[in-house]
Structures are given as structure tokens and as C-alpha cells.
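The values are calculated or read from the model by the stated rules, or taken from the named source; none is laboratory data. Only a predicted model underlies this, so the values are computations on that prediction, with no experimental measurement involved. Here the Cβ positions follow ideal geometry from the backbone for every residue, glycine too, while neighbour counts run over all protein chains shown. For accessibility, only protein heavy atoms count, side chains too; no ligands or nucleic acids. Shrake-Rupley method; radii C 1.70, N 1.55, O 1.52, S 1.80 Å.
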Amino acid sequence: MAFEHTRWVWMNGKCVPWAEATVHVSAHALHYGSGVFEGIRCYQTSEGPAVFRLDAHLERFDASAHAYQMVIPYSKSDLAQAICETIAQNGFTDCYVRPISYRGSSSLNLHPRSCPVEVSILVWPWGKYLGEATERGARITISRWQKFSSQMMPTTAKACGQYLNSILAAQEASDRGFDEALLLNIDGELAEGSGENIFLVRDGKLLTNGHSDSILLGITRDCVIRIASDLGWKVETSSLSLKDLMDSDEAFFTGTAAEVVPITEVDGQRIGDGQPGPCTRTIQRIFSDVTAGRDSRYRAWLHPVAASRRTYA
Ligand code: PMP
């Protein structure tokens, strides 16, 4: 089980033991997916554990809630402190952090107006999401499931029920022996992986799609755009076709859980020479330096756990 080392969970204002961190079966979110969440990583640095891009994640958490008319009953600074406390209380250094805000129990009317907005924070050590593919490159498939469009659901919100689309795509890819799925949007252009954004490299330029392509605006995507621009690379944001992907020299996925993962094959066809390419490797290396606090240019992206931690008696 992924959670065997987690002893404390933050629920509605306090850290409770794992066994007490339960939700009633009548909770609205269980039935209808009415919740929003974040996926954040905490990394060990030479100055202690630090939460990566905490402000950006808390901004997106709030924006996701807003898209569903939920008001999270804690400020961003309360949540920052709660996240750091939960990490420290569990004694973790490198871990994944999952804040979730969801509609609790009151009625099962579709309109959740009477259901309380509850908040929990779960932390656990989580290795590389795509495992060995992180080094060797991912063999992916174009999903038969399309990514829903922003006329169907707010694509930039990270909402629980929206992930049923990703679950279908991930199951299908795995059943067919692939590492990950890539979903096309309703226009037939590239959207994203089931839990990652996509970048292509062509003629030394970085290409990625944007808001209008039905993607979650990933925070790792934002980091990679900044890192590449700071390297003096050209970064273009525009819709991308399957042909763009197949003609690219390199391709890679980005995401908090996955980090930076080369894509080396799409439905059995190689991208470039079928090996992780030099630009992908450069971005992977710098990203890993940045998250470990070894690159002073991006220190502001790291929020030290000790800075917000209250000490428990
Ligand atoms: N797209 C989807 C559908 C995701 O679930 C994720 C992971 N949160 C991403 C993209 C990447 O976003 P981020 O870099 O903020 O983790």
C-alpha cells in the first residue's frame, strides 16, 4: 500500500491519526466527484525539505474551487502552514502532497448548496509516477478516449470528477501494454497525457500547446517554459497535431507526479531515434537540480517546510 508510512492526515483544521481520517459514505463528493484537489511535491534540499511551487499550487487549488462555486474555508497561508505541518508531523522529507477540498454530507441533490466544503491534506512518499519510463523513455498510445473540451467542463480546473476521463485513458493504455495514454482534444489535436502535459522539440525549438487545447495548465509545464527560455531556447505555444508529434525530434511529458519523462514511442512508432533526446535530458537534469535546491536561480520556487511549521507539543 502506498500509504503505509503515513501516520497523520490533516482534516478540517487539525492533524488526526490515519485511522480517524474518514469520510461518510453519504458525502456528495463520493457520489458525484464534487471536489477539487492538488498534486504537489516536497523535495529534500541541503537546507531541509521544501515544497515545490507551493504558491502556484495553492492559487490553482483556489481557482479550481471557484470554478465549482466552492469557497475553501482556509486562506492560502493557513493551507501552506497546514501542508508544512503535515509533512513535518509525518517526518517526511521527499513526499507527495495531496490537498483536497470536497463537498461533504448533507444531501444528494445534484446542487451541492447544502453540503459543507471540507478540506484534507494527505502526504505520502511517492516514487517516479511513470517508473522506469522516466529514464528509458515512455512508450505511449493515442487514447481512444478524447479529452473533454472546455465547453463540457472547466479544463483548467483540477476537479475530482473530471479525472474519470483520465482513468479511462490510463486503464486503456495499460491494458494494451503502454506506459501512458495521450489524449486528443475534440478538434483532433494533441491535448495531454492522463496526468501530464506534453512538449515537442523540433529544430532546437520547444513546442507546447495551450489553454485553448483543453489542457490543465500544468505547473511543471510553466517551470519548463521558464527554464528553457532562460537557456535561450525558443519556446512556442500553439495547437499541435499528431503529425507534429510524429515529425518531432524529441517529445516529453511534464507533471508533478511524473516530473519530466521522455516519450520515445507512439503506438509502436519511434519519435526521433527512439531514445531520450539531448534537449529532454537537459531539461530533466536542470529540473532535478531545481527541485533539489541546487540551482540558485530558482530558489524562490522552494518553500522550506521549516518556515511554516508550527511545533507540536
Ligand atoms: N494534465 C493533467 C490532466 C494532470 O492531471 C496533470 C497533473 N496535475 C498535469 C497535466 C500536469 O500538471 P502539473 O505540472 O501542475 O502537475
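What to note about this one:
- Per-residue [θ]222 nm for the chain (sum of -39500 (n - 2.57) over DSSP H runs n ≥ 4, rounded to 500): -8000 deg cm²/dmol
- Measuring against 23 Å, Cα to Cα, the residue pairs 158/205; 76/128; 128/205; 14/128; 205/243 contain 158/205; 76/128; 128/205; 14/128 as the ones spanning a longer distance.
- The Rg/Rh ratio for region 179-301, using Cα coordinates for both the radius of gyration and the Kirkwood hydrodynamic radius, is 0.94.
- Accessible area of residue 100 (1.4 Å probe, protein heavy atoms only, ligands and nucleic acids ignored): about 50 Å².
- Only beta bridges with both residues in the chain are counted; by DSSP, about 85 percent of them are antiparallel.
- Accessible area of residue 59 (1.4 Å probe, protein heavy atoms only, ligands and nucleic acids ignored): about 110 Å².
- Heavy-atom surface analysis with a 1.4 Å probe gives region 172-217 a carbon and sulfur content of 42 percent of its accessible area.
- Calculated on alpha-carbon atoms, Rg and Dmax of the chain in Å: 19.5, 60
- Between the listed residues 220, 102, 283, the Cα displaced farthest toward the positive end of the dipole of the chain, a dipole computed from Cβ unit charges relative to the Cα centre, is found at 102.
- Summed side-chain charge close to residue 209 - residues other than residue 209 whose Cβ falls under 12 Å, Lys, Arg +1, Asp, Glu -1: -4
- Cβ-Cβ FRET estimate between residue 3 and residue 171, R0 fixed at 30 Å, reported to 0.05: 0.90
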